[in-house]
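Let me begin by presenting the structure, written as structure tokens, before commenting on it.
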Amino acid sequence: MAKELSVAEKLKVLYELQLIDTELSEIEILKGELPMEVDDLKDEIAGLETRVRRLADNIDDLEGEMSRHNANIQESTALIDRYQKQMDNVKNNREYDALSKEIEMQKLEIQLSEKKIREGGSFLEGKKETLVAAETRLAAKREALEAKKVELEKIIAKTEKEEEKLKRKVDRARKKIDDRLLKGYDRV
């Protein structure tokens, strides 16, 4: 502060500062909730992208599990054929019983794998539907984000020069006021 201001001059400078701050507040009001909405949409999109990735990974895992069960069915079918061919060359009842039990075990394995494939198939369809819904929602959120960004950019472009000019005025006015008064003004 170069020179000491009178009380009237200090009040006048504080009043000017208040007017400038009011204009800056009006610009912020014009922007409204858009900056926060843009940030919220970005966060929501990030969450949806993570969800879509997880769903896609789950679908891949389920498809892999179903293909393993299909391979298990093929393997069990091949073993059943082999055991049935061996039954033609059986020498005693014990061998026949052992092969019969093996065939029965492989049939149970096939039934279990088929059951898991059916369960996995219905679960997979649900996951795919959820994935499609999440991708649709993600696309809608991205469109909304782009629209909000464009709207915010228009407002910022329209008010940017005025805002900079007002901020320079605020800086000049603050330099004229002593620190004690500024602290009180900032608290209010």
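Values as computed for the structure displayed
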{"read-out": "Accessible surface of the range 30-76, 1.4 Å probe, proportion on carbon and sulfur as whole %", "value": "46 percent"}
{"read-out": "Karplus-derived 3J(HN,Hα), 6.51/-1.76/1.60, for each residue of the range 87-102, Hz, glycine and proline x", "value": "5, 5, 10, 6, 9, 8, 5, 4, 5, 4, 4, 4, 5, 4, 5, 4"}
{"read-out": "Mean projection area, nm², convex hull over Cα of the chain", "value": "19.3 nm²"}
{"read-out": "Full-extension gain in nm, Val150 to Ala71, via 0.36 nm per residue minus C-alpha separation", "value": "23.2 nm"}
{"read-out": "Dipole moment magnitude, nearest 20 debye, the chain about Cα centre, only Lys, Arg, Asp, Glu C-beta charged", "value": "800 debye"}
{"read-out": "Choice from Leu152, Leu62, Leu14 showing the highest fluctuation, given a GNM over the chain with Cα pairs closer than 10 Å", "value": "Leu14"}
{"read-out": "Mean Cβ neighbour count within 10 Å, used as a protection proxy, ranking 91-98, 76-83 highest first", "value": "76-83, 91-98"}
{"read-out": "Under-20-angstrom lysine pairs by C-alpha in the range 88-133, whenever the two are 8 or more apart or on separate chains", "value": "7"}
{"read-out": "1.4 Å probe accessible area per residue over the range 38-144, in Å²", "value": "70 Å²"}
{"read-out": "Note, ³J(HN,Hα) from phi for the range 127-136, Karplus 6.51, -1.76, 1.60, rounded to Hz, x at Gly and Pro", "value": "5, 5, 5, 5, 4, 4, 5, 5, 5, 5"}
{"read-out": "Helical contribution to [θ] at 222 nm, DSSP H n ≥ 4, -39,500 (n - 2.57), averaged over the chain, rounded to 500", "value": "-34000 deg cm²/dmol"}
{"read-out": "From phi via Karplus (6.51, -1.76, 1.60), per-residue ³J(HN,Hα) for the range 33-46 in Hz, x at Gly/Pro", "value": "8, 4, x, 5, 5, 4, 4, 4, 5, 4, 5, 5, 5, 4"}
{"read-out": "Charge context of Lys128, other residues only, Cβ under 12 angstrom, K/R +1, D/E -1", "value": "-4"}
{"read-out": "For the range 55-119 versus the range 141-188, the gap between their alpha-carbon centres in whole angstrom", "value": "72 Å"}
{"read-out": "The range 60-132 - Kirkwood radius from inverse mean 1/r over Cα pairs (Å)", "value": "13.9 Å"}
{"read-out": "The chain: angle of helix 7-31 to the longest principal axis, Cα-based, in degrees nearest 10", "value": "30 degrees"}
{"read-out": "Cross-link pairs beyond the 24 Å C-alpha cut-off, checked among Lys10/Lys167; Lys12/Lys175; Lys31/Lys165; Lys12/Lys169; Lys42/Lys161", "value": "Lys42/Lys161"}
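The values are calculated or read from the model by the stated rules, or taken from the named source; none is laboratory data. Given the structure is predicted, the values throughout are model-derived calculations rather than measurements. Counting neighbours? That spans all protein chains shown, and the Cβs are built from the backbone with ideal geometry, glycine included. Heavy atoms of the whole protein, side chains included, go into the accessibility calculation; ligands, DNA and RNA do not. Shrake-Rupley method; radii C 1.70, N 1.55, O 1.52, S 1.80 Å.
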